[in-house]
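See below for the structure under consideration.
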Amino acid sequence: TQLLEQSPQFLSIQEGENLTVYCNSSSVFSSLQWYRQEPGEGPVLLVTVVTGGEVKKLKRLTFQFGDARKDSSLHITAAQPGDTGLYLCAGARGFGNEKLTFGTGTRLTIIP
Amino acid sequence: DTAVSQTPKYLVTQMGNDKSIKCEQNLGHDTMYWYKQDSKKFLKIMFSYNNKELIINETVPNRFSPKSPDKAHLNLHINSLELGDSAVYFCASSQARDQGPLHFGNGTRLTVT
């Protein structure tokens, strides 16, 4: 059973369009992280959200943590080819990074 | 300078062999990890190592063993390789066990034939 389900699993859209990726769980997390992974590389942290309802912006990327701290979303405005990659959410439960659970991933392709 | 580096990048070997993957971090971090990413891109922790304390994911077969000669290095040794071990293995580090984000290496793609 996956603790963190991401949707959609795959998303291919035209450059300039907007999109939202979801990360859902039935469990409560103390914090939630979003990573982006490009082919042949390791995941790179984009943001960490900690407080229920928290919204963080990173240029054209907007991250939101659900009020109940069970879910999160990533919204990209005016997508660009450089946004292409595998997006992973990761939820923290308890003490220690070893308790970080990664989501199932969303593979995003932006078509020029 | 690569913060977390792992070698080799690719590893192709036959069933039953023993192999090692090396990892080094130059970030001065206290905690290092090994993750396995399967063909569906699901990333799962295998081990974390902090100040000589090893925390093992209970689902990892004992054919896998981490070895840390010092704080900056955490190698992964695999005995009697099986077909199901084929995956991408990522090393990562963090400032402390409960502090700081994970910094990942670029992965080692292991193929067992």
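Points worth noting:
- Beta carbons closer than 8 Å, at least 6 apart along the sequence or on distinct chains, pair a first residue in segment B:91-112 that is under 22 Å from B:His77 (Cβ atoms) with a second that is of a type in the set (Lys, Arg) and at pLDDT 90 or above for B:Asn106/B:Lys9; B:Gly107/B:Lys9; B:Thr108/B:Lys9; B:Arg109/B:Lys9; B:Leu110/B:Lys19.
- Residues that are of a type outside the set (Gly, Ala, Ser) and not in a strand (DSSP E or B), drawn from segment A:62-81: A:Asp67, A:Arg69, A:Lys70, A:Thr77, A:Gln80, A:Pro81
- If you filter segment A:1-46 down to residues that are assigned to a strand (DSSP E or B) and β-branched (Val, Ile, Thr), you find that the one that is most open to solvent (accessible area, probe 1.4 Å) is A:Val44.
- Members of segment B:73-88 that are in contact with a Cys (Cβ under 9 Å, 6 or more places away or on another chain) and either within 13 Å of chain A (Cβ to nearest Cβ) or under 30 Å from A:Val50 (Cα atoms) (or both): B:Leu74
- Failed item in (1) within 12 Å of the chain's Cα centre (by Cα); (2) closer than 21 Å to B:Leu43 by Cβ, with A:Thr20 passing the rest: (2)
- Within segment A:72-98, considering residues that are at negative phi and surrounded by fewer than 17 Cβ atoms within 10 Å (Cβ to Cβ), the one nearest to the other protein chains (Cβ to nearest Cβ): A:Phe95
- Residue tally, condition out of contact with any Cys (no Cβ under 9 Å at 6 or more places or on another chain), facing chain B (nearest Cβ under 10 Å) and under 13 Å from B:Pro101 (Cβ atoms), over segment A:29-45: 3
- Any hit, segment A:54-61, residues being basic (Lys, Arg) and outside any strand (DSSP E or B): yes
- Within segment B:62-87, residues that are of a type in the set (A, V, I, L, M, F, W, C) sit with their Cβ atoms under 7 Å from residues that are open to solvent by 30 Å² or more (accessible area, probe 1.4 Å) and part of a strand (DSSP E or B), at 6+ positions apart or across chains, in these pairs: B:Ala72/B:Glu24; B:Leu74/B:Tyr49; B:Leu74/B:Ser68; B:Leu76/B:Ser20; B:Ile78/B:Lys19; B:Leu81/B:Lys19; B:Ala87/B:Lys36.
- Only residues that are within 15 Å of B:Lys36 (Cα to Cα) and open to solvent by less than 50 Å² (accessible area, probe 1.4 Å) were counted in segment B:56-76, giving 9.
- Leading residue by the ranking (surrounded by the fewest Cβ atoms within 10 Å (Cβ to Cβ)) among those in segment B:92-108 that are facing chain A (nearest Cβ under 10 Å) and closer than 10 Å to B:Thr7 by Cα: B:Asn106
- Residue match in segment B:11-26 (condition: touching a Lys or Arg at 6+ places or on another chain (Cβ under 7 Å), surrounded by 13 or more Cβ atoms within 10 Å (Cβ to Cβ), part of a strand (DSSP E or B) and away from chain A (no Cβ under 12 Å)): yes
- Each residue in segment B:36-46 was checked for being within 8 Å of chain A (Cβ to nearest Cβ) and either open to solvent by less than 70 Å² (accessible area, probe 1.4 Å) or in contact with a Phe, Trp or Tyr (Cβ under 6 Å, 6 or more places away or on another chain) (or both), and 4 pass.
- Candidate set: segment B:1-10, residues that are in contact (Cβ under 8 Å) with a residue 40 or more places away in the chain and not hydroxyl-bearing (Ser, Thr, Tyr); chosen: the one most open to solvent (accessible area, probe 1.4 Å): B:Lys9
- Residue tally, condition in a strand (DSSP E or B) and without any contact (Cβ under 8 Å) to a residue 60 or more places away in the chain, over segment B:33-61: 14
The values are calculated or read from the model by the stated rules, or taken from the named source; none is laboratory data. Just so you know, these numbers come straight off a predicted model, no measurement behind them. Neighbour counts run over all protein chains shown; Cβ positions are idealised from the backbone, glycine included. Calculation scope for accessible area: heavy atoms of the full protein, side chains included, ligands and nucleic acids excluded. Shrake-Rupley method; radii C 1.70, N 1.55, O 1.52, S 1.80 Å.
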